[in-house]
Amino acid sequence: MPLLPALPNLLTPIHPPALQSNSTFRWTRGSTLTPHTCPRTPSSPLPSRPSQVDQGLNPSIRLPSGRTLGLSGGIYNRAVASVTKFMEAPFLPKLTAQQLWKERKAPTTLVLHARAGNALGDLAAYDYFALGGPYSVRGYNHGEIGAARRFVELASEVRVPLKNYGLPGTAYGFVEYGTDLGSGKELSGNPTEYYRKPGRGMSYGAGVKVLGACRFEYARDCNAGTGTFFVNFGERF
């Protein structure tokens, strides 16, 4: 039997099966590419996008048509203010002109420092005020006192120049206090209570500053009643 009449049957095109509008292709090793219908039906709605958290104060008015009239951008909602006062120690006798200009002595200095902060609107977790640390309340680790929406920090320090006694550097003693003003519970998740932090703390200690701005300090944590040695770089105030 001749083979030529059978050739047209071999060349007959193979049409793939009709695909549905919501079909996808799934392929596994050792199998052929076959269409599979998605579980979503055409009438089911698409997954909604998560709403964006408002990170500021956006005054707006909702109109009857469903539109909103107002500001679309966030307003910066985090503010910090601080003040530092340096003065000659009033509880010690003042140096005479001869001691200042001829003997080159330096006066003992009293430093008073206050710092406060406040936040308005929706506050993200990375914008929480962290209380405690070498530049907040010494004697505590960073954020050990707690996280806050509002806070107040107070500090006083007495500095005695050691060059008056023929030694390099400056010796000092300090007392510091910080509180969250009870605002930790206003934060999302109340991290201060969750991590069992006090929300306020006080410390006192002494140190010496040598080698430029290298500070060797001993600070006592009044909450735990323990003391720790610290080595920090840079000015506190």
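None of the figures in this text is laboratory data; all of them are computed from the coordinates on show. Predicted model only: the values in this text are computed from it and were never measured. Methodologically, a virtual Cβ is constructed for each residue, glycine included, from the backbone with ideal geometry; neighbour enumeration extends over all protein chains shown.
Each label point was placed 7 Å from the Cα along the Cα-to-Cβ direction; for Lys94 and Cys214 their separation is 3.7 nm. From the alpha carbon centroid of the stretch 140-157 to that of the stretch 93-132 is 15 Å. Each residue, Trp101 and Asn223, gets one label point 7 Å from its Cα in the Cβ direction; the gap between the two is 5.2 nm.
The shape of the stretch 78-233 comes out prolate: with a ≥ b ≥ c from the C-alpha gyration tensor, a/c is at least 1.5 and a/b beats b/c.
Each of Ser156, Ser188, Ser65, Ser183 has some number of other Cβ atoms within 10 Å of its Cβ, and from fewest to most they run Ser65, Ser188, Ser156, Ser183.
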